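The values are calculated or read from the model by the stated rules, or taken from the named source; none is laboratory data. No experiment lies behind these values; they were computed from the predicted model shown. Cβ atoms come from the backbone with ideal geometry, glycine included; neighbour counts cover every protein chain shown.
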Amino acid sequence: MRFAPKGQAPSRTVESAGTRVFGYGQGVFHEVVLAGLTPDTEYDYQIRSGDGAWTPRRTFRTAPASEDAVFVFLAGSDTKGAHDVLSELFRRFETDEPRFMVYAGDAPHHGDLAAHWDRWFAAVEPFASQRPIMPSTGNHELGASRSLANYQTYNALPPSPGNEAYYSFDYGPVHFVSLDTESVSLAKQLPWLEKDLAATDKPWKVVYGHGPPFSSGTVHGSRRDLRNVLGPMFGKHRVNLVLSGHDHLYERSKPIDLAKSKDAPVNSYREGTCYVVSAGAGAGLYGAKPGNWWTAVLKTGVHHLCRVKVNGSKSMLLEAVDQEGRVIDAVTLDN
């Protein structure tokens, strides 16, 4: 790989830091580590394998160092092979210049089949070649074999005790945590999660994972095991936003702090967590049963992604945007 600040001819060259063989033996994954990058800076890059030709230039932007940074990220889940819908949704956000996407699982339809991962990455290449997609494991990532092997092979993620199944990272003023709600027991993740949330001093905390602690969906519904174990911890550590998938709909909760109340919202998002199910990134859509105590907004029958604008440490604007570019919900979280 060769790279340089945007507008300059890529001149710094880095060799592959590690390789992993494709599950079906038709190629090799290469991982490259770049060091000495300047924060909040655009870089052009090119890659090649062996003696092949250099690819056309692509651009990426490094994360900001300042906690006053203003930026947009996307959130969503549950494509499961419906790549045309996801591509159309991505086009709705081109002018927003999102920095990255957090994806709460179910990217492929059958995660134990390498061909389904190939199709996923071919579909998201225009986005992912310039912006990271930071995933979590869904049940479809595991496939019939209930194995994380392909997920771990195809994705290069931050190191953690979870061997890429769960991890955290910082971006500007936000601390992000990706949880594995499908393959690794909560008991194994909880000591790491408690320590991770206690250690960060970032103004915002965002947690995402596939299973929804709160969902009005009629296909899956709420994961009460997640709610009962994680909810009080999220309240204790003032997690601002929890993003989930699994039920193919959109739902935003009222402000919730389960450390204070098990069956009633608190007064404001300053006091409680906003739980969002955003699982409309392409797959067939599900129904819902309205009227639950936690529900602030519930939308069914609509493909969508969430656009989140972070205004430094001051506020965070979350908007759910449908395939036609219409905002179907919006909420501002004040810190």
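Evaluating residue 53 against the criteria (1) hydrophobic (A, V, I, L, M, F, W, C); (2) touching a residue at least 12 places away in the same chain (Cβ under 8 Å); (3) not assigned by TED's automatic domain parsing to the domain that holds residue 152 leaves one unmet condition, (2).
For the condition in contact (Cβ under 8 Å) with a residue 40 or more places away in the chain and closer than 23 Å to residue 333 by Cβ, residue 129 does not qualify.
Scanning the stretch 111-153 for residues that are within 18 Å of residue 77 (Cα to Cα), surrounded by fewer than 18 Cβ atoms within 10 Å (Cβ to Cβ) and among the charged types (D, E, K, R) yields a count of 3. The residue of the stretch 263-290 that is surrounded by the most Cβ atoms within 10 Å (Cβ to Cβ), among those that are of a type in the set (A, V, I, L, M, F, W, C) and over 21 Å from residue 317 (Cβ atoms), is 288.
Taking the stretch 289-309 as the range and being more than 19 Å from residue 220 (Cβ to Cβ) and more than 15 Å from the chain's Cα centre (by Cα) as the test, only 296 passes. Considering the stretch 169-187, the residues that are more than 14 Å from residue 242 (Cβ to Cβ) and small (Gly, Ala, Ser) include one that is modelled with the highest pLDDT, namely 172. Could you tell me whether residue 137 is polar (S, T, N, Q), in contact (Cβ under 8 Å) with a residue 12 or more places away in the chain, touching a Gly at 6+ places or on another chain (Cβ under 9 Å) and not in a loop (DSSP other than H, G, I, E, B)? Spelling it out, it is not the case that residue 137 is polar (S, T, N, Q), in contact (Cβ under 8 Å) with a residue 12 or more places away in the chain, touching a Gly at 6+ places or on another chain (Cβ under 9 Å) and not in a loop (DSSP other than H, G, I, E, B). Of all residues in the stretch 291-301, those satisfying the criterion of being part of a loop (DSSP other than H, G, I, E, B) and either among the basic types (Lys, Arg) or buried (at least 18 other Cβ atoms within 10 Å of the Cβ) (or both) are 294, 300.
Can you work out which of the residues in the stretch 142-156 that are in a helix (DSSP H, G or I) and in contact (Cβ under 8 Å) with a residue 24 or more places away in the chain is farthest from residue 27 (Cα to Cα)? Among those residues, the one meeting the criterion is 142. Of the strands (runs of 3 or more DSSP E) lying entirely inside the stretch 1-98, those containing at least 1 residues that are within 25 Å of the chain's Cα centre (by Cα) and of a type in the set (Asp, Glu) span 28-31, 42-46.
The number of residues in the stretch 215-233 being surrounded by 18 or more Cβ atoms within 10 Å (Cβ to Cβ), in contact with a helix residue (DSSP H, G or I) (Cβ under 8 Å, 6 or more places away or on another chain) and free of Cβ contacts under 8 Å to residues at least 40 places away in the same chain comes to 0.
Considering only residues in the stretch 157-185 that are acidic (Asp, Glu) and part of a loop (DSSP other than H, G, I, E, B), the one that is surrounded by the fewest Cβ atoms within 10 Å (Cβ to Cβ) turns out to be 164. If you go through the stretch 104-118 and pick out every residue that is in a helix (DSSP H, G or I) and out of contact with any helix residue (DSSP H, G or I) (no Cβ under 8 Å at 6 or more places or on another chain), you end up with 3. Residue 312 passes every criterion in (1) in contact (Cβ under 8 Å) with a residue 60 or more places away in the chain; (2) buried (at least 19 other Cβ atoms within 10 Å of the Cβ); (3) in contact with a Gly (Cβ under 9 Å, 6 or more places away or on another chain) apart from (2). Scanning the stretch 259-288 for residues that are among the hydrophobic types (A, V, I, L, M, F, W, C) and modelled with pLDDT under 95 returns a single hit, 259.
Any residue in the stretch 195-212 that is closer than 30 Å to residue 249 by Cβ and among the hydrophobic types (A, V, I, L, M, F, W, C) sitting within a Cβ distance under 9 Å of a residue that is assigned to a loop (DSSP other than H, G, I, E, B) and modelled with pLDDT under 95? List the pairs, counting only those 6 or more apart or interchain. Close Cβ pairs satisfying both conditions: 204/335. Restricting the stretch 82-110 to residues that are among the aromatic types (Phe, Trp, Tyr) and under 18 Å from residue 169 (Cβ atoms) leaves a set whose member that is surrounded by the most Cβ atoms within 10 Å (Cβ to Cβ) is 103.
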